[in-house]
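The values are calculated or read from the model by the stated rules, or taken from the named source; none is laboratory data. This one's a predicted model, so the numbers in the text were calculated from it and none came from an experiment. Note that we place each Cβ from the backbone using ideal geometry, even for glycine, and neighbour counts take in every protein chain shown.
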Amino acid sequence: MKTVYISALALIIFFGCRQDASPVRPWHQALYAAECPDFNCYDEVERVLPLLMKTQTDIYVAIPSWMIGDPSLKRLLKSAKAKGVGVRAWILLPQDLGYWPNEENVDEFTIAVMNFVDWSDTESLGVSWIVVDMEPSFEYTQEFSNLLSQGQISEALTILKSHVDPTNYKKSKEKFKNLISVLHSRGWKVMAVTYPMILDDLEDGDEGIQDALDIPCSGLDWDNISFMAYLSTFQTYVSDPVGADLVYSYAKDAKKYFGDRGGIALGVVGPGGVAENQILVYNDPGLLQRDFGATMLGGIKEIQVYSLEGILALGNPEDWLGVYTAPQIVPHGETATVLVRGIMSGLDSSL
């Protein structure tokens, strides 16, 4: 789920009966998983279920629409259910349909979600959450990212403005509202994960940034809504060092606007994902531990990390999964935080 700018372990209190586990954590811990080439790594994820059980780590499994009903996916979900590892279904679309759900493909996304829900309920797969990874389409993301990397800021702003369409935005938001309502009526819960600049969009009460990015998120009945405070993405575009202060800043706002429903996604740990060439910020578990503390200091206990495959590639996965530290005092006003949040506020006022 690496994207133009952002693109997570949502920290989960595990309620139940895991064997050989440390004391239950006072937060919700999860990893985004299985977003690998051709989505052929469900067997690999299944093999690490004992470690996930031991470390009280749930998984949000990437499930593209064409893999619904796949035997290896069914085995993974059945095995996770048997071992008590919580799973949320992270539904994706083909890249030519935008890949991530957004204003332009809500109809196709709704079909994919309901196909999965019907299959999961029929097969008793033990899944009861849908993850809506709300981002601009893959094509839009790549175009915008390329302009930013080339320093073509005015051109990037022009593209953003060209996507402002209040009528279509309102219609798509109503469709997402209806999808959430249908899922709730069937006993399912729904989580959104999206860009943290949505938090910058809420300060003035309008939805200009969301409209420009084709991602209608605010004002919907999400059971959780998490924000991708991916330091690796920010560091790709900002020269000043980014750190825990930026994570803390977004965590405070997630708590402010969404209370206990708010969450933070951290990343990117290790290689992998759809978009490459981001700077590797998390090169040791201690840095991730630092940002866990910053997130909780901001009042958030729903934390995710992207991704399981990246952690496995770096080795010693248990070191990465036991990253909690008591909240620490985080410095305020770091240059990168002031710069990033200032740019986002300026962007909001210009749309």
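Could you grab me the full set of residues in the stretch 207-237 that are assigned to a loop (DSSP other than H, G, I, E, B) and either closer than 18 Å to Y248 by Cα or not acidic (D, E) (or both)?
Those that are assigned to a loop (DSSP other than H, G, I, E, B) and either closer than 18 Å to Y248 by Cα or not acidic (D, E) (or both): L213, I215, P216, C217, S218, G219, L220, W222, A229, Y230.
Residue by residue through the stretch 159-196, note down the ones that are of a type outside the set (V, I, T) and closer than 12 Å to D211 by Cα.
Result: L160, K161, S162, H163, D165, P166, N168, Y169, K170, K171, S172, K173.
Only one of R18, R25 is surrounded by fewer than 24 Cβ atoms within 10 Å (Cβ to Cβ), modelled with pLDDT under 95, in contact with a Gly (Cβ under 7 Å, 6 or more places away or on another chain) and charged (D, E, K, R); which?
It is R18.
Could you run through the stretch 167-206 and say how many residues are over 18 Å from F258 (Cβ atoms) and either acidic (D, E) or assigned to a loop (DSSP other than H, G, I, E, B) (or both)?
4
Quick check on R88: is it closer than 25 Å to L312 by Cα, buried (at least 16 other Cβ atoms within 10 Å of the Cβ) and under 19 Å from the mean Cα position of the chain (by Cα)?
yes
Can you find, within the stretch 117-137, the residue that is farthest from V164 (Cα to Cα) among those that are of a type outside the set (V, I, T) and surrounded by 22 or more Cβ atoms within 10 Å (Cβ to Cβ)?
D133
The rows are residues; the columns are (1) buried (at least 17 other Cβ atoms within 10 Å of the Cβ); (2) in contact with a strand residue (DSSP E or B) (Cβ under 8 Å, 6 or more places away or on another chain).
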site: L280; (1), (2): no, no
site: R290; (1), (2): yes, no
site: M296; (1), (2): yes, yes
site: E302; (1), (2): yes, yes
site: G310; (1), (2): yes, no
site: H332; (1), (2): no, no
site: T337; (1), (2): yes, no
site: R341; (1), (2): yes, no
site: L347; (1), (2): yes, no
